[in-house]
2 protein chains.
Amino acid sequence: MNIALIGFGRVGQALIELFITKKKYIFDKYNLKINVKCIIKSNGGLYSETGIDLEELMSFIKKNEVCKHKLWHNEIKVESMIKNANIDTLIELTPTNIVDGEPALTYIRNALENKKNVITGNKGPIVLKYKELKAIADNNGVKLKIGCTTGGALPSISGGIYDVAGSEIKSIEGILNGTTNYILTKMTNDEVTYEKALKEAQEEGIVESNPSLDVLGYDTASKIIILSNVLMNTDIKLSDLKIQGITDIKLEDLKLEKSKNKKVKLIGKIEKNNDEVIAYIKPMQIDESHPLYSVDYKNKGVYYKTDTLGDISIIGGASGTMNAAASILRDIILLKEY
Amino acid sequence: MNIALIGFGRVGQALIELFITKKKYIFDKYNLKINVKCIIKSNGGLYSETGIDLEELMSFIKKNEVCKHKLWHNEIKVESMIKNANIDTLIELTPTNIVDGEPALTYIRNALENKKNVITGNKGPIVLKYKELKAIADNNGVKLKIGCTTGGALPSISGGIYDVAGSEIKSIEGILNGTTNYILTKMTNDEVTYEKALKEAQEEGIVESNPSLDVLGYDTASKIIILSNVLMNTDIKLSDLKIQGITDIKLEDLKLEKSKNKKVKLIGKIEKNNDEVIAYIKPMQIDESHPLYSVDYKNKGVYYKTDTLGDISIIGGASGTMNAAASILRDIILLKEY
């Protein structure tokens, strides 16, 4: 498989590391050789017609000197690279832009139109334009894989495709945002206020300095939209959802629920009844009988109700940079039939 | 897809019903047409070169008069049918024989050698000879799908193949037997003895009249062996496992654990440390932090520890006849790339 990688932040670098450490395993188990021909950063990139020596590249990455590599070019025309480079798969890992999806949206569209498979970890273009992009992929006989966008290592997309194959998903319910789940678990278990739980989590580096997309529910909403549009063949957008975050949650409320053996979780849910679609994001009380009850701290989970296989829940997937890279690798493997 | 079905009990009949009710869904979503050319029972069978009219067949099934169908033959030579019928896939649903796997083992081997895919719900041949059968499938360029053997609708195999693709499974832990889990849950929640819980479950038709393979742990052991040999590339057999069932569990023990907020579950576990393999089936105490804590009554679950994707748990899948048939349909869909 000949790959171009666009966007080379922490996940992209971790992916290169995985390609090195997993090289033998991937070949032995999947009969797959991964050849990275092109890496594009915002300020230039690397290209080799025969493939980049990844172990050599790692030594440049570790010294933060990628632009001193012999294959480095300060100017790389992305469009012509996507069109002309002899690759079959583009891995798109540029920063997420939830407003118009750019520049990723253009890169993905170009790649699919030029008959390259695309794997992306970028929620922006997928929330906004999944249907359009999927149609381009289908028309060009290539694949669009987006497993990393809905919980990273949590196999929500692969679960919703393979594990329930042949059955119809009637509803999707998920705890899909690690930051809010961490805050709610911390408040409940340590009996601290929202402000204190948030501050502690930020000091420990668990939560970003600006977590507003998380705590207001928009990250969960994006993931529910993607799951629904990919798995339930809907065409919903952000404005179709009722979204309530966790910023108004009071410690007193959590203590009261805890005394009743309940937990409060930020749940994203979509339900299809005939042609009516009900979708919302809101904090909800769940008890021990709920399949996502055990999903605490940064853990995530998703719960599918199906027509013929019953209810199926998938929980877990670690949430570090390497694990996100591993979810990109999962999509690479799943490009192939085996 | 041209199919032959061998073994036509409740699951096989439910599968025919699913082929009818899901016909449009399967074609619309997967672009797949399923054509059943041959159905073989112990006392004869049906064969049509162009395909059997399934709706017409259902009316004979409902009257329990399949042998009055115009395509019925009292004698069908299974071997020659497998070899000569113009089919691409054999669905093998004969009764399980855990001692020597026959007659299913011979049917499966013949089909694979004649370049037919095989889907089976039969634990016997898979527990005994998975490695050999998989090698025959690989050598003949066909597939052997066994998802129904390790929990029916629970997507334990598809989860262990697709959801963790590219990562390595380090251990598998599961609550894989509905009967024992039902008895243990009933004992714990209703505070009744093992004998009483078993008797009530039998009277309600939830547990078979002879549940010894279940309560002694052998059903769980079979499933752990299959999961391990399929997903972790081991070659273990029943005699490699320490197996302890639930027949010695006392109500007092469960009450004590319950007072500590713990539950007792029949756990099957396999762990690979370098070349050492540790495998056992035994009742274990688990607390709320265990990902399978919420798996009660007839519910099942499996918990994979992986190297790069973290811990992933899959819980659920309904446990009726139709749901088992739906797990066969899942494997049919997964034969195709999409």
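The values are calculated or read from the model by the stated rules, or taken from the named source; none is laboratory data. Fair warning: this is a prediction, and the values are worked out from it, not measured in the lab. Every residue, glycine as well, gets a Cβ built from its backbone with ideal geometry; the counts of neighbours run over all protein chains shown.
Observations
- Residue count for segment A:258-317, restricted to those that are among the hydroxyl-bearing types (Ser, Thr, Tyr) and over 26 Å from A:Gly166 (Cβ atoms): 6.
- Residues within segment B:161-177 that are closer than 12 Å to B:Ile312 by Cβ and polar (S, T, N, Q), tallied: 2
- Each residue in segment A:294-338 was checked for being farther than 20 Å from B:Ser327 by Cα and of a type in the set (Asp, Glu), and 2 pass.
- From the list A:Glu55, A:Glu75, A:Glu17, the lone residue that is within 14 Å of chain B (Cβ to nearest Cβ) and of a type in the set (Asp, Glu) is A:Glu17.
- Within segment B:160-184, the residues that satisfy the criterion of being within 12 Å of chain A (Cβ to nearest Cβ) and in contact with an Asp or Glu (Cβ under 6 Å, 6 or more places away or on another chain) are B:Ser167, B:Glu168.
- Exactly one residue among A:Ser171, A:Ser239 is within 22 Å of A:Pro125 (Cβ to Cβ) and within 24 Å of the chain's Cα centre (by Cα), and that residue is A:Ser239.
- Of the residues A:Ile224, A:Ile281, A:Ile267, A:Ile246, the single one that is touching a residue at least 40 places away in the same chain (Cβ under 8 Å) and in a loop (DSSP other than H, G, I, E, B) is A:Ile246.
- When segment A:199-235 is limited to residues that are modelled with pLDDT under 95 and of a type in the set (A, V, I, L, M), the one that is surrounded by the fewest Cβ atoms within 10 Å (Cβ to Cβ) turns out to be A:Ile206.
- Considering segment A:146-166, the residues that are in contact (Cβ under 8 Å) with a residue 12 or more places away in the chain and hydrophobic (A, V, I, L, M, F, W, C) include one that is nearest to A:Asp307 (Cα to Cα), namely A:Val164.
- Some residue of segment A:142-152 being touching a strand residue (DSSP E or B) at 6+ places or on another chain (Cβ under 6 Å) and assigned to a helix (DSSP H, G or I): no
- The set of residues in segment A:306-330 being surrounded by fewer than 20 Cβ atoms within 10 Å (Cβ to Cβ) and part of a strand (DSSP E or B) consists of A:Asp311 alone.
- Flag for A:Thr179 being surrounded by fewer than 17 Cβ atoms within 10 Å (Cβ to Cβ) and of a type in the set (Val, Ile, Thr): no
- One residue alone among A:Tyr304, A:Tyr218, A:Tyr280, A:Tyr297 is within 14 Å of another protein chain (Cβ to nearest Cβ) and over 25 Å from B:Lys29 (Cα atoms), and that residue is A:Tyr297.
- Residue identified as at positive phi, modelled with pLDDT of 95 or more and over 16 Å from the mean Cα position of the chain (by Cα) among B:Lys131, B:Lys115: B:Lys115
- Residue match in segment B:7-17 (condition: closer than 23 Å to B:Glu102 by Cβ and in contact with a Lys or Arg (Cβ under 8 Å, 6 or more places away or on another chain)): yes
- Segment A:95-121, residues that are among the polar types (S, T, N, Q) and in contact with a Leu (Cβ under 8 Å, 6 or more places away or on another chain): A:Asn117, A:Thr120
- Meets criteria (touching a residue at least 40 places away in the same chain (Cβ under 8 Å), at the interface with chain B (Cβ under 8 Å from one of its Cβ atoms) and buried (at least 22 other Cβ atoms within 10 Å of the Cβ)) for A:Leu254: no
- Filter result (surrounded by 14 or more Cβ atoms within 10 Å (Cβ to Cβ) and closer than 19 Å to A:Met322 by Cβ) within segment A:30-65: A:Ile34, A:Val36, A:Ile39, A:Leu54, A:Leu57, A:Met58, A:Ile61
- Residue check for A:Lys272: of a type outside the set (A, V, I, L, M), surrounded by fewer than 18 Cβ atoms within 10 Å (Cβ to Cβ) and in the same structural domain as A:Leu198 (by the TED database): no
- Tally, over segment A:3-40, of residues that are in contact (Cβ under 8 Å) with a residue 12 or more places away in the chain and under 18 Å from A:Glu55 (Cβ atoms): 21
- From the list B:Ala318, B:Ala324, the lone residue that is closer than 29 Å to B:Thr94 by Cβ, more than 8 Å from every other protein chain (Cβ to nearest Cβ) and aliphatic (A, V, I, L, M) is B:Ala324.
- Qualifying residue in segment B:69-90 (condition: crowded, with 20+ Cβ neighbours inside 10 Å and touching a Ser or Thr at 6+ places or on another chain (Cβ under 9 Å)): yes
- Checking A:Tyr297 against (1) in contact (Cβ under 8 Å) with a residue 40 or more places away in the chain; (2) buried (at least 18 other Cβ atoms within 10 Å of the Cβ); (3) in a loop (DSSP other than H, G, I, E, B), the condition it does not meet: (2)
- Filter result for the condition that a residue is touching a helix residue (DSSP H, G or I) at 6+ places or on another chain (Cβ under 6 Å), closer than 23 Å to A:Val142 by Cα, touching a residue at least 12 places away in the same chain (Cβ under 8 Å) and not aromatic (Phe, Trp, Tyr), over A:Ala104, A:Ala85: A:Ala104
- Filtering segment B:153-181 to residues that are assigned to a helix (DSSP H, G or I), β-branched (Val, Ile, Thr) and within 29 Å of A:Thr21 (Cα to Cα) leaves B:Ile157, B:Ile161.
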